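The values are calculated or read from the model by the stated rules, or taken from the named source; none is laboratory data. Since the structure is predicted, the reported quantities are computational estimates derived from the model, not experimental observations. Here the Cβ is made from the backbone with ideal geometry for all residues, glycine too, and neighbour counts use every protein chain on show.
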Amino acid sequence: MDEKERLSALEVALNNEMKEREFYLKNADRTNNPLGKAMFRRIAEDEVEHYERLKQLHVKWKEKDKWPETVPLIVNQTNIRDLLVNTLKNIDKSAQTDAGDLEAIKTAADFEEKGVKFYKDLAASSTDMREKDFFTLLSMIEYEHFMSLRDAEEYFENPAAWFYKVEHSMVDGG
């Protein structure tokens with residue numbers, strides 16, 4: 001991948017992060033389920049952070065026409081399972097979900113899975129280690145979102161089974 005293709009891929013990534021953020025905010029507003037609201041808002045915040053990091057990179061890259069010497073390799077980590085558990089401690093567990101909630105989670109998981117592949121491919125085509133590390137980090141974060149959304153999908157499909165799994169994650173062998 002040449003420099004022009006990389007810059008174009010970065011522009012695609014910027015666009016994707018904003019589209020995903022809009023999707024998450026729209027669904028946070030749409031759902032009546034407090035858990036769905038919290039989860040969608042949290043991931044929307046993460047997408048803004050990703051966008052800001054990518055934007056910094058884009059500006060520096062365009063200025064110098066090459067991968068910048070310094071790009072922050074730190075982003076906030078989000079564990080949606082922890083968010084699920086903490087939110088569920090403080091809400092009415094009988095809060096209703098609707099088909100739209102589950103469909104939104106499945107669509108979001110799809111976005112994140114595509115993001116994993118996109119950033120992995122960018123990392124694989126990179127020759128600069130800083131560039132490779134940056135895109136690998138973004139791929140790992142998108143993967144965390146993907147796995148967290150799958151976890152949320154399990155909750156929305158079968159809350160009782162999800163609670164059992166979370167509360168009994170350690171099996172007593174005695």
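Data overview
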| item | result |
| --- | --- |
| Test: residue 56 is exposed (fewer than 13 other Cβ atoms within 10 Å of the Cβ) and either modelled with pLDDT of 85 or more or within 27 Å of residue 131 (Cα to Cα) (or both) | no |
| Segment 128-146: number of residues that are surrounded by fewer than 15 Cβ atoms within 10 Å (Cβ to Cβ), part of a helix (DSSP H, G or I) and touching a residue at least 40 places away in the same chain (Cβ under 8 Å) | 2 |
| In segment 12-42, the residues that are more than 20 Å from residue 155 (Cβ to Cβ) and of a type in the set (A, V, I, L, M, F, W, C) | 12, 13, 14, 18, 25 |
| Leading residue by the ranking (modelled with the lowest pLDDT) among those in segment 23-36 that are assigned to a helix (DSSP H, G or I) and crowded, with 19+ Cβ neighbours inside 10 Å | 35 |
| Residue pairs meeting the criteria (Cβ under 9 Å; at least 6 apart or on separate chains; first on the phi > 0 side of the Ramachandran plot, in segment 153-165; second of a type in the set (S, T, N, Q)) | none |
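So that you can scan it fast, the table gives a plain yes or no per residue for (1) more than 18 Å from the chain's Cα centre (by Cα); (2) over 24 Å from residue 103 (Cβ atoms):
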site: 34; (1), (2): yes, no
site: 39; (1), (2): no, no
site: 42; (1), (2): no, no
site: 47; (1), (2): no, no
site: 54; (1), (2): no, yes
site: 61; (1), (2): yes, yes
site: 64; (1), (2): yes, yes
